[in-house]
Amino acid sequence: MAAVTTTELRAGPRQWLGLAVLALPTLLLALDITVLHLAVPHLSADLRPSGSQLLWIVDIYGFMIAGFLVTMGTLGDRVGRRRLLLIGAAAFGVASVLAAYATSPELLIAARTALGVAGATLMPSTLALISNMFRDPGQRGVAIGIWATMFSVGVAIGPIVGGALLAAFWWGSVFLLGVPIMLLLLVAGPVLLPEFRDRAAGRPDLASVALSLAAMLPITFGIKELADPVVAVPAIVVGLVMGALFVRRQRRLADPLLDLGLFGARAVRAALVILLVATATISGAYLFITQYLQLVVGLSPLMAGLWLLPAATVLVMASMAAPLLARRFGAGRVVAVALVVSSAGFVVLTAADGLTTVVVGFVVAYSGIGPVFALGTDLVVGSADPAKAGAASALSETSTELGVSIGIATLGSIGTAVYRAGSGGSDTLAEAVAAAEALPAAEGDALLRMAGDAFTAGLVTIAWVSAALLAAVAAVALVALRDRVG
């Protein structure tokens, strides 16, 4: 009887083909992150955003995803995960076009906001569908590993594709990458993906939806504005109060928007923290490294992308190897070692004295991040009942997306503050480069050296902070995940 049950659990060819379709949104979101960072100098020169506007352009996308993920994840459980995925794909394609043709910083921020809301439907839907399609734990681990690897592939090819587009077209072309990918998903999804929903669930509680947004959006806004405590502290306090009311309501509802029991497992709580810290550190560093390669070293976008390729390639290989290593050594040990390796990579980055050191440090840092994404996600999603897979996926994605936003906002603000202190008053490095071009050669060169040294100091500061944070969560992984064997 057990043999029959095991056979029924195992996925067949249709499920694996469906996984290829589900990999498309993951690939797209990775492309969107990497190509945007490469495009920052170009859109800065064209739209001339202020330093604050530039941070909003980069991180509003992640903030909106983080704010809406819980709602979208549980909404998918109720209305159908495939249906929500396809609706989100169509909306993402439209918003991509709006972003590509934005004519002002305000319009680009608005388009990125719409992209974030649409993006919030994609990731929890894909992860929840994987959880439903792959019921065998071993196959599910491999499937999520492949899903995470596709994110790594997007990181790997993003700089190359983005660099080529920026060399041939205007900065807005990088956003148009989403259009054909979403069209392919809309065509193949109904054919290859089954529909799943929790038929026992009632209608979404609108009050819970409102409280969820009222909690997440002020908190993420407050984190974004940490440099201004007068604005940040009240926003975070409001968010925490709304969050407390949200939790109180969930405990009273027979069918809550978010099952708080998902937080019951120690491994799940630890995995969520680890995912948040890992994505925060790597995102903050990536924002500075892409600008360092182009504006300090002087590489073209395409050449910068090529120099980022070794790190992304190692990320792909580490993500693919992670499930196999976890089976042999245990997920806890693999995650802990990976975090230590990544921390060591950031220590190398603190010696940033040119192209080689930065590339080598980033390669080492990225090699540790791959296993953390693959195994951390499986620890969260695999812990949930299949009917609650959307909610569990939303928690995992909320942690990573909020981590991206926190990394860009917090580490980005730290690095920017260090830069401004030593740059002689320029708001951004791109602004200093533009100013230097209008000066006589000697004065322009002096300004570029000062701005480059200040920017490098900001990168070094970010690297030290990231190394310390990753070392700390490595200890958490070793203790909290010690019983996880695969």
Along Cα→Cβ, 7 Å out, is where each label goes; now give me the distance between the ones at R327 and V230 in nm to one decimal. 6.0 nm
What length, rounded to one decimal in nm, is gained on full extension from V97 through to A45, with 0.36 nm per residue of separation minus their alpha-carbon distance? 16.7 nm
Given the options A114, M133, T26, identify the residue whose Cα lies farthest towards the positive end of the charge dipole of the chain (+1 on Cβ of Lys, Arg; -1 on Cβ of Asp, Glu). M133
Heavy atoms only, probe 1.4 Å: what % of the accessible area of the chain goes to carbon and sulfur, would you let me know? 70 percent
Classify segment 38-81 from the C-alpha gyration tensor, please: rounded if a/c falls under 1.5, else prolate or oblate depending on whether a/b exceeds b/c. prolate
Once the Cα atoms of helix 13-47 and of the chain are each reduced to a long axis, what angle between those two axes, in degrees from 0 to 90 to the nearest 10, is obtained? 20 degrees
Just check segment 162-302 against the gyration tensor rule for me: Cα atoms, a ≥ b ≥ c as the square roots of the eigenvalues, rounded for a/c under 1.5, and otherwise prolate or oblate depending on whether a/b exceeds b/c. oblate
Once you have all Cα-Cα distances for segment 209-254, histogram them in 5 Å bins from zero and send the whole-percent values. 6, 27, 26, 17, 12, 7, 3, 1, 0
To test your reading of the geometry: what angle, between 0 and 90 degrees and rounded to tens, separates the Cα axis of helix 51-79 from the longest principal axis of the chain? 10 degrees
Using R₀ = 56 Å, calculate the FRET efficiency as 1/(1 + (r/R₀)^6) where r is the Cβ-Cβ separation of T357 and A254; round to 0.05. 0.45
In whole Å and largest first, what semi-axes does the C-alpha gyration tensor of the chain yield when each eigenvalue is scaled by 5 and square-rooted? 36, 24, 22
So what's segment 268-394 giving for Rg/Rh, alpha carbon basis, Kirkwood Rh from the mean inverse pair distance? 1.04
The Kirkwood hydrodynamic radius of segment 48-105, taken as the inverse of the mean 1/r over all distinct Cα pairs, in Å, comes to 13.2 Å
Taking R0 as 45 Å, what FRET efficiency do you get between R266 and W170 from their Cβ-Cβ distance, rounded to the nearest 0.05? 0.35
Computed magnitude of the charge dipole of the chain (debye, nearest 20; Cβ of K, R +1, Cβ of D, E -1): 1800 debye
Using Cα atoms only, what is the angle between the long axis of helix 229-252 and the major principal axis of the chain, expressed in degrees (0 to 90) to the nearest 10? 0 degrees
Charge context of R82, other residues only, Cβ under 10 angstrom, K/R +1, D/E -1: +2
State whether segment 116-197 is rounded, prolate or oblate according to the following rule on the C-alpha gyration tensor (a ≥ b ≥ c being the square roots of its eigenvalues): a/c under 1.5 gives rounded; otherwise a/b larger than b/c gives prolate, and the remaining case gives oblate. prolate
How much area per residue is accessible in segment 160-276 when the probe is 1.4 Å and only protein heavy atoms are counted (Å²)? 50 Å²
Computed label-point distance, nm, for sites V479 and L184 using a 7 Å Cα→Cβ extension: 4.5 nm
In whole percent, the Cα-Cα distances of segment 1-134 spread across 10 Å bins from 0 upward as 12, 37, 27, 15, 6, 3, 1
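The values are calculated or read from the model by the stated rules, or taken from the named source; none is laboratory data. Model, not experiment: these values are computed from the prediction. Please note: Cβ atoms are built from the backbone with ideal geometry, for glycine as well, and neighbour counts cover all protein chains shown. Each accessible area value is taken on the protein alone, full model and side chains, heavy atoms only, with ligands, DNA and RNA left out. Shrake-Rupley method; radii C 1.70, N 1.55, O 1.52, S 1.80 Å.
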